[in-house]
Amino acid sequence: MDFPRTSGLLLHITSLPSAYGIGDFGSQAYAFADFLASAHQRLWQVLPMVPVGFGNSPYASPCTFAGNPLLISPDVLIEDGLLHPDDLGEVPSFDDDHVDFERAAAFKRGVLERAYDRFERESDGQTRRAFENYVAQQRDWLVTYALFKALKEAHGEAAWMDWPTPLAQRQPEALAQARRDHARTIRMHMFWQYLFDDQWDRLRSYCHRQGIRIFGDLPIYVAQDSADVWAQPELFYLDETGHPTVVSGVPPDYFSETGQRWGNPLYRWDVMQENDFAWWTRRLERILSRIDIVRLDHFRAFEAYWEIPEHEETAINGRWVPGPGAALFETVRDRLGGLPIVAEDLGVITDDVRQLMQQFGFPGMAVLQFAFNSGTNSGFLPHNYQHNLVAYTGTHDNDTIQGWWHNTNGSITTESMERTREYARLYLDLDEEREHELHWTCLRTLMASSAGMVVTPIQDLLGLGSEARMNTPGASNGNWGWRLCPDALDEATEQRLRALTRAYGRSEDTSLPI
């Protein structure tokens, strides 16, 4: 993938300020795009914008093709005449710095239901035609997803494997009856997807006019309790009841002596290849219709993946199994053209994985937090970077750079962390008096490197501590909820970021900064 020297910020939509408890596609999203443009940033990286699953995780979605209705802006609905201000009712008091997913979802659900009712009663012909055209264009996944959601609600959110057998097995007569019984709910969920895509398309177009590209994220696996698995069980290793026989994870390593058992069902790559990878082609086509660059999470599993028998409680007793390799990307490239893909290549990466990335020109990643304890040849150290790379202070799975430095969560032994700090002080030319500016020093170091793209989590731009961490892998609660407080991004921060961006040639403005 060819790209000029550029930089950007990582901020998920849910983390934007909003009066409704969770960030959305409203005015604050446009204000953030304005901040990016003023600071000469050309990338806005977001996490998956899909409906969230267990633990409110965007990486365990009930549908990889759908959008999260919680991101729909009530204010934009009012502007479009699809909602009246009175339809909001009494807006609850929400925290500015954290998402209360349960309360926000309950409020948003009521608002979106009223928007749907108003659409059915009052919408003009143009809006109705736009909706019907959307349904026709997205029918291959939309109708199935809406039916899945309607059935989940009708069965108290039970997993599809626990539904009555005719529905779990998608017997035609049972599905036909379900479509009749739940017609309104099905149509309502389709309408919400229309609203999501309409509002997102407008925001993305605004970003494009500002010279900003959207950098998104695609998890390699899908959730077991999803419309994706329910609709096409033949693509996954499942038993006759729909439960997985083998599941995903990674083997034991330096970080975990038992490995990680993620539990997602694994793909039947042989079946997928027989069908010319049609499902994956549609999946990538769908996400590339929404974003400009996609990061493929856990890229190494496309070359070989860790297969764990479902009955195993840990990831210890698994095995490496070959993935689809180049065949998948050759097929998708033939169908879709160029692939603006970044490979998440963190962890133990083999030569075969590197060769696969090189064959297709996929940039990898480097995380500065990993740089200072692996010797001077570490690929995470900026002096070893090459252009075809995306450099980060940390990702959404890391602590903030200040939290990591102070080791506030005790994730690293005191002795090991002190050795890390000692080398980092030398490398970054950092004395103890300037440690409060560690985040700016790290950002400057990455900006000056050869990496083609530099992406900074907004928490690190602001120098926030562990309280602002987005996700702690392995923790089932307390993740994904951090929010950017209103007015946190001030003019001084914008000016300083713009100056660094220009100084290191990551801006379209090539005049010397003064």
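Nothing in this text is a laboratory measurement; each read-out follows from the coordinates by a stated rule. Note that the structure is a prediction, hence the values are computed from the model and not measured. Cβ placement follows ideal geometry from the backbone for every residue including glycine, while neighbour counts extend to all protein chains displayed.
Values computed for the structure shown
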item	result
Value of Rg to Rh for the chain (Rh from inverse mean 1/r over Cα pairs, i.e. Kirkwood)	0.96
Among beta bridges that DSSP assigns inside the chain, antiparallel share in %, nearest 5	30
Scattering curve values for the stretch 289-330, log₁₀ I(q)/I(0), Debye with Cα scatterers, q = 0.27 Å⁻¹	-0.95
Residues C485, C442 arranged by fewest to most Cβ contacts within 10 Å	C485, C442
Ranked list, fewest to most other Cβ atoms within 10 Å of each Cβ, for T241, T314	T241, T314
Size of charge dipole - the chain - debye, nearest 20, with Cβ of Lys, Arg +1 and Asp, Glu -1, no other charges	1180
Restricting the stretch 220-253 to chymotrypsin sites (Phe, Trp or Tyr not before Pro) in coil, as DSSP defines it, with at most 14 other Cβ within 10 Å	none
Length-normalised contact order of the chain in % [C-alpha pairs under 8 Å, at least 6 apart]	19
Helix-derived mean residue ellipticity, 222 nm - over the chain, DSSP H n ≥ 4, -39500 (n - 2.57), to 500	-12000 deg cm²/dmol
Calculated FRET efficiency for the pair R109/E173, C-beta based, R₀ 30 Å, to 0.05	0.45
Under DSSP loop assignment and at most 13 Cβ neighbours within 10 Å, longest GluC sites (Glu not before Pro)-free interval of the chain	314-507
Gyration tensor (alpha-carbon) shape descriptor, the stretch 286-390, a/c threshold 1.5	oblate
Fewest-first sequence of R114, R469 by Cβ atoms within 10 Å of each Cβ	R114, R469
Cα gyration tensor category, rounded, prolate or oblate, for the stretch 208-273 with a/c compared to 1.5	oblate
About the Cα centre, charge dipole magnitude for the stretch 367-451 (Lys/Arg +1, Asp/Glu -1 at Cβ), debye	300
Gyration tensor (alpha-carbon) shape descriptor, the stretch 1-134, a/c threshold 1.5	prolate
Percent of Cα pairs exceeding the 16 Å cut-off, where the set is the stretch 193-304	70
Mean projected area in nm² (Cα convex hull; one quarter of hull surface) for the stretch 76-226	11.9
In nm, spacing of pseudo-spin labels at H406 and R335 (7 Å Cα→C-beta vector)	4.9
